[in-house]
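A.B. asks: Sending over a structure as structure tokens; questions will come in a sec.
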Amino acid sequence: MFQAETRIEELISKLREQGYRVTPQRAAVVRVLASSQEHPSVEQIYDSVRVDFPMTSLATVYKTLAVLKDMGEVFELTIAGQSSRYDGCRPHSHPHLICVECGRITDLDIAPVGETCEKVAKRTGYRILHHRHDFFGVCPDCAGDSEHREEAHVGARAQQRLVP
């Protein structure tokens, strides 16, 4: 939690340095972003902030995210067919594990991705601005659920064959 508190203070300080007012609602958005390892969606951030500040508008969350993104302090992760998710802890391109069943997103620390970017840039002449390196699969919780569903389905088919 110490790292989250440090990140919260850092983000609030950067907002003030850029001339933005740090309202209690904006600070609450920052707190959710800096404290979450879950890569929350706008809706999840909004729901969390409204617990303490019920009059917070969805526009406040969007505006705060936009400011933090423009400052390079929040990483937006877009996945086809899903709401964007946000990372306020690691605001740079980095690999993720993404569950195709429940949508869980987990940060992944693997061998230096930066070296790959350098090789791609050197080989192609591109100036790499950012990268995505994500792995899609089924998380252990969902894999366990699907195994139970499959066992139940197989058991039901077997029972149907036994019934005259």
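The values are calculated or read from the model by the stated rules, or taken from the named source; none is laboratory data. All figures in this text were calculated on a predicted structure; none of them were measured in a lab. Virtual Cβ from ideal backbone geometry, glycine too; neighbours counted across all protein chains shown.
A.B. asks: Quick check, is residue 117 surrounded by 13 or more Cβ atoms within 10 Å (Cβ to Cβ) and over 24 Å from residue 31 (Cα atoms)?
C.D. replies: On the way: surrounded by 13 or more Cβ atoms within 10 Å (Cβ to Cβ): yes; over 24 Å from residue 31 (Cα atoms): yes.
Yes: the conditions hold for residue 117.
A.B. asks: While we're looking at this one, here's another question. Here is a check on your reading of the model: is residue 110 of a type in the set (Val, Ile, Thr), over 15 Å from the mean Cα position of the chain (by Cα) and either over 19 Å from residue 28 (Cα atoms) or in a loop (DSSP other than H, G, I, E, B) (or both)?
C.D. replies: The answer is yes for residue 110.
A.B. asks: A follow-up question, please. Considering each residue of region 58-78, count those that are surrounded by fewer than 17 Cβ atoms within 10 Å (Cβ to Cβ) and in contact with a Lys or Arg (Cβ under 9 Å, 6 or more places away or on another chain), and give that number.
C.D. replies: 4
A.B. asks: Yes or no: region 25-44 includes at least one residue that is small (Gly, Ala, Ser), loosely packed, with under 13 Cβ neighbours inside 10 Å and at pLDDT 90 or above.
C.D. replies: Within region 25-44 (the criterion being small (Gly, Ala, Ser), loosely packed, with under 13 Cβ neighbours inside 10 Å and at pLDDT 90 or above), the answer is no, since none of the residues qualifies.
A.B. asks: If I filter region 2-23 for residues that are in contact with a Gly (Cβ under 6 Å, 6 or more places away or on another chain), touching a residue at least 24 places away in the same chain (Cβ under 8 Å), within 30 Å of residue 135 (Cβ to Cβ) and not assigned by TED's automatic domain parsing to the domain that holds residue 130, do I get at least one hit?
C.D. replies: no
A.B. asks: Would you point out which residue out of 47, 87 is touching a His at 6+ places or on another chain (Cβ under 6 Å), under 30 Å from residue 141 (Cα atoms) and not assigned by TED's automatic domain parsing to the domain that holds residue 144?
C.D. replies: 87
A.B. asks: List the pairs whose first member sits in region 28-54 and is touching a residue at least 60 places away in the same chain (Cβ under 8 Å), whose second member is among the charged types (D, E, K, R), and whose Cβ atoms are under 9 Å apart, counting only residues at least 6 apart or on separate chains?
C.D. replies: Note: pairs meeting the criteria are 37/87; 37/107; 38/85; 38/104; 39/85; 39/87; 39/104; 39/107.
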